[in-house]
Protein chains: 2
Amino acid sequence: MDEKVEISTTILRRLPQYLRILNKAKENKVSSVSSTMLAEELKLNSILVRKDLALVSRNQGKPGVGFDVDELIEDIEKYINIKSIKNAIIIGAGRLGQALLNYYGFEPNMNIVMAFDTNKKVCDNKRIFYIDQLEEKVKKNNIDIAIITVPKEEAQAVTEEVVNCGIKAIWNFAPANLKVPEGTLIKNEDLSTSLLILLKKIEDNEN
Amino acid sequence: MDEKVEISTTILRRLPQYLRILNKAKENKVSSVSSTMLAEELKLNSILVRKDLALVSRNQGKPGVGFDVDELIEDIEKYINIKSIKNAIIIGAGRLGQALLNYYGFEPNMNIVMAFDTNKKVCDNKRIFYIDQLEEKVKKNNIDIAIITVPKEEAQAVTEEVVNCGIKAIWNFAPANLKVPEGTLIKNEDLSTSLLILLKKIEDNEN
């Protein structure tokens, strides 16, 4: 895995966390915060926090005073700003697929336009369509992202279908190691593995 | 963050991926695999794969032959084996909460027993209950885990409620930095941040 991509991904994961704390500080009329305070709130190493902020922020914070809250919010928002809105489809309109289809928390960065399924009973021909309309609808609706929420056995086959339709980015919720051609982006969201990590920690705690 | 915990978490995230490839190899009647092959399939560094396998496996693989597939499957399954079944509740029976309540992919390791909500209209008193029954039901049903699927504004308050009921592990789907007392485990599942990472990569690819 490319080291540079890996680093920027972990930083990207922390930036929204800084933003939440900064916005709360702003609400409470706090005008400056230190990297130490941010580190403590998030249980992170303060050197790491300082490095992150050095990367995204115009100034390095005043010694003994810290970072200006408004300025830091602006810098982080600029850094994580997504410039264009992407259109997405969902493949697999089961429980998880329908929940995501009806979840508006991803706006304004991503619009989930429609979903596809192989079960005609769930297809309403309004927002859920039978899978044989995939290619036509993808081309007509300028789709960038496919969200995969099918059972793991079907995941590779539907991935190949969406790649064949020209989609270059996949957000995969199926517990499967999908193979995609060079140049296709994939982001895995493996809830079973997340749960495994939590359960292992619970058992370690009990011992 | 404790360095040791962090390392074991990242390994835990890779072990199910090795298992999937090994099980597929077994289906195809392949009897041994090399760490190099596993590394290539998963786009990981092969030294990292060898380190992971040295940690969980009885033997180190034969030079030029590799690891016995059956033995390695057994060793990994033993390593990630969860010894006891945990009971969970969902706080927030909105779209995501109801999807998780009706998703059986977490069994047999975790049973989602019931959900709670502040909206009486969604409470069926079978599997979804009004929030004022939380404490009574948690005590009666021996609940270990609370899955938080409320809006971010409500997340901290409901977290404090479940902690007060004696729950020691939280799986948080709300985009909020929850504060929990020492000894309470928390696993964050932040879909918005995951999406942000995917969208940033798409923009990098376009440039």
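The values are calculated or read from the model by the stated rules, or taken from the named source; none is laboratory data. Everything quoted here is computed from the prediction, not taken from an experiment. Quick reminder, even Gly has a Cβ in these numbers, built from the backbone with ideal geometry, and neighbours come from all protein chains shown.
Data table
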| read-out | value |
| --- | --- |
| Every pair of residues 6+ apart whose Cβ atoms lie under 8 Å, when the first sits in the stretch B:172-196 and is at positive phi while the second is at pLDDT 90 or above | B:Gly183/B:Lys168 |
| Residues satisfying the stated conditions in the stretch A:64-103, i.e. of a type in the set (Val, Ile, Thr), at pLDDT 85 or above and touching a helix residue (DSSP H, G or I) at 6+ places or on another chain (Cβ under 8 Å) | A:Val69, A:Ile73, A:Ile76, A:Ile89, A:Ile90, A:Ile91 |
| Condition met for B:Asn119 (touching a Leu at 6+ places or on another chain (Cβ under 9 Å) and in the same structural domain as B:Leu185 (by TED's automatic domain parsing)) | no |
| Qualifying residues in the stretch B:100-121 (those that are within 14 Å of chain A (Cβ to nearest Cβ) and over 16 Å from the mean Cα position of the chain (by Cα)) - the one farthest from B:Ile145 (Cα to Cα) | B:Asn102 |
| Members of the stretch B:20-41 found to be within 16 Å of B:Glu71 (Cβ to Cβ), β-branched (Val, Ile, Thr) and away from chain A (no Cβ under 11 Å), listed by number | B:Val30, B:Val33 |
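Yes/no matrix, rows are residues, columns are (1) in contact (Cβ under 8 Å) with a residue 60 or more places away in the chain; (2) in the same structural domain as B:Gln156 (by TED's automatic domain parsing); (3) crowded, with 18+ Cβ neighbours inside 10 Å; (4) within 19 Å of the chain's Cα centre (by Cα):
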{"residue": "B:Glu41", "(1), (2), (3), (4)": "no, no, yes, no"}
{"residue": "B:Leu44", "(1), (2), (3), (4)": "no, no, no, no"}
{"residue": "B:Val49", "(1), (2), (3), (4)": "no, no, yes, no"}
{"residue": "B:Ser57", "(1), (2), (3), (4)": "no, no, yes, no"}
{"residue": "B:Lys62", "(1), (2), (3), (4)": "no, no, no, no"}
{"residue": "B:Val65", "(1), (2), (3), (4)": "no, no, no, no"}
{"residue": "B:Ile90", "(1), (2), (3), (4)": "no, yes, yes, yes"}
